[in-house]
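Working notes for the structure below.
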Amino acid sequence: MALKAYDLSGRTAFVTGAASGIGRASAVLLAEAGATVHCADLDENGLHETRALITEAGGAARTHTLDVTDRARLKAAIASVDRLDVMAAVAGIMHSSTVLETRDEDLDRVITVNFKGILYACQESAHAMIAAGTRGSIVTMASGAVDAANAGLLCYSVAKAAVVQLTKTLATELGPHSIRVNAVAPGWIRTPMTDRHDEVLQQRAEATMVRMSPLRRVGEPEDIAHTVLHLASDASSFTTGQILRPNGGVAMPW
Ligand code: NAI
């Protein structure tokens, strides 16, 4: 009976960043829970791979190749969904530079993708949910970076802190529509994003996770997908405006 709360049969989810890492794992798990999943990303090949994984698992998926910073394109993709129940706004990029080395163009790019990309997804999905009268769930992707001072991560941390504020503010505004809004703030997760990152930093972070985490391991995308499913489903029916931290007990491992 308890598992019924996780059943998304007959519901529709939209996942940004679905071509890779946490977004892909979330899209696959939401589909395994029964949702029809609309997968959006810049990376067309990655989207096709995600769709194949969903289809192999017996699920249903559509793909939308788009840039989340293109509000008009995102709006059109969301409008193509019959009745939106779940938005998981996951797409994001990593950027490292010290405060003294941070250039305007770096700050603009990271804020645009990591904050505005999530803001647009929230706004457009909220309009769609209100119009359809769905008791929807919006899940945003923050980061453990908001809980610590992170040398070299100014732009990223600022954008993710803005996502936290957006999530809490929107939850208060959408509550009267029975729409819930929550954020996930993962710790260090092994994905193509962290693999692409500075190799020394990556090895140090992974070693620290294994040493410091009470669970003695690095996080995997599926660990975060389970938190996304929890927030997307009725299992979290009285949870809104919250920041959940699947981080193995360690906010930031450096
Ligand atoms: P990833 O690099 O594996 O996946 C990110 C996806 O977002 C990629 O498929 C990429 O093509 C897509 N994307 C990037 N910019 C886009 C744009 N403008 N429009 C459309 N799609 C775009 O990265 P990962 O690790 O799966 O990260 C997913 C989210 O989780 C990000 O928001 C990241 O900041 C967040 N996160 C990741 C952590 C980690 O340790 N991997 C920790 C905390 C948060």
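The values are calculated or read from the model by the stated rules, or taken from the named source; none is laboratory data. Bear in mind the structure is a predicted one, so any value in this text is a computation, not a measurement. Ideal geometry is used to build each Cβ from the backbone, glycine not excepted, and the neighbour counts take in all protein chains shown. We work out accessible area using only protein heavy atoms, side chains counted, and drop any ligands, DNA or RNA first. Shrake-Rupley method; radii C 1.70, N 1.55, O 1.52, S 1.80 Å.
Answer yes or no: is there a residue in segment 44-52 that is within 13 Å of the ligand (Cβ to nearest atom), in a strand (DSSP E or B) and in contact with a helix residue (DSSP H, G or I) (Cβ under 8 Å, 6 or more places away or on another chain).
no
What residue, of Ala151, Ala159, Ala131, is open to solvent by less than 40 Å² (accessible area, probe 1.4 Å) and of a type outside the set (Phe, Trp, Tyr)?
Working: Ala151 fails: open to solvent by less than 40 Å² (accessible area, probe 1.4 Å); Ala131 fails: open to solvent by less than 40 Å² (accessible area, probe 1.4 Å).
Being open to solvent by less than 40 Å² (accessible area, probe 1.4 Å) and of a type outside the set (Phe, Trp, Tyr) holds for just one of Ala151, Ala159, Ala131, which is Ala159.
Scan segment 196-216 for residues that are out of contact with any Gly (no Cβ under 7 Å at 6 or more places or on another chain) and open to solvent by 40 Å² or more (accessible area, probe 1.4 Å) and report the count.
Of the residues in segment 196-216, the ones out of contact with any Gly (no Cβ under 7 Å at 6 or more places or on another chain) are 196-208, 210-212, 216.
Filter once more, keeping what is open to solvent by 40 Å² or more (accessible area, probe 1.4 Å): 196, 198-200, 203-204, 207, 210-212, 216.
Residues meeting the conditions: 11.
For residues that are at positive phi and within 13 Å of the ligand (Cβ to nearest atom), scanning just segment 17-40, find the one that is surrounded by the most Cβ atoms within 10 Å (Cβ to Cβ).
First, pick out the residues of segment 17-40 that are at positive phi: 17, 21, 34.
Those still in the list that are within 13 Å of the ligand (Cβ to nearest atom) too: 17, 21.
On the way: Gly17: 30, Gly21: 23.
The extreme case among them is Gly17.
For segment 211-221, give me each residue that is closer than 15 Å to Met193 by Cα and of a type outside the set (A, V, I, L, M, F, W, C). Quick ask: steps written out before the conclusion?
In the first step, residues of segment 211-221 are kept if they are closer than 15 Å to Met193 by Cα; the result is 218-221.
Scanning segment 211-221 gives Gly219, Glu220, Pro221.
Within segment 77-105, which residues are under 16 Å from His38 (Cβ atoms), open to solvent by 30 Å² or more (accessible area, probe 1.4 Å) and in contact with a helix residue (DSSP H, G or I) (Cβ under 9 Å, 6 or more places away or on another chain)? Don't jump to the end; show me each part of the working.
Just the residues of segment 77-105 that are under 16 Å from His38 (Cβ atoms), to begin with: 77-91.
The next check asks that each one be open to solvent by 30 Å² or more (accessible area, probe 1.4 Å); those that pass are 79-80, 82-83.
Listed by number, the residues that qualify are Ala79, Asp82, Arg83.
What are the residues in segment 166-195 that are open to solvent by 50 Å² or more (accessible area, probe 1.4 Å), within 16 Å of the ligand (Cβ to nearest atom) and modelled with pLDDT of 95 or more, if any?
none
Would you check if Ala61 is in a strand (DSSP E or B) and within 23 Å of Asp223 (Cβ to Cβ)?
yes
Can you name every residue in segment 224-250 that is part of a loop (DSSP other than H, G, I, E, B) and surrounded by fewer than 18 Cβ atoms within 10 Å (Cβ to Cβ)? Give the derivation first.
We begin by selecting, within segment 224-250, every residue part of a loop (DSSP other than H, G, I, E, B); these are 233, 237-242, 245-250.
Ser237, Phe238, Thr239, Gly241, Gln242, Gly249 - these are the residues of segment 224-250 that are part of a loop (DSSP other than H, G, I, E, B) and surrounded by fewer than 18 Cβ atoms within 10 Å (Cβ to Cβ).
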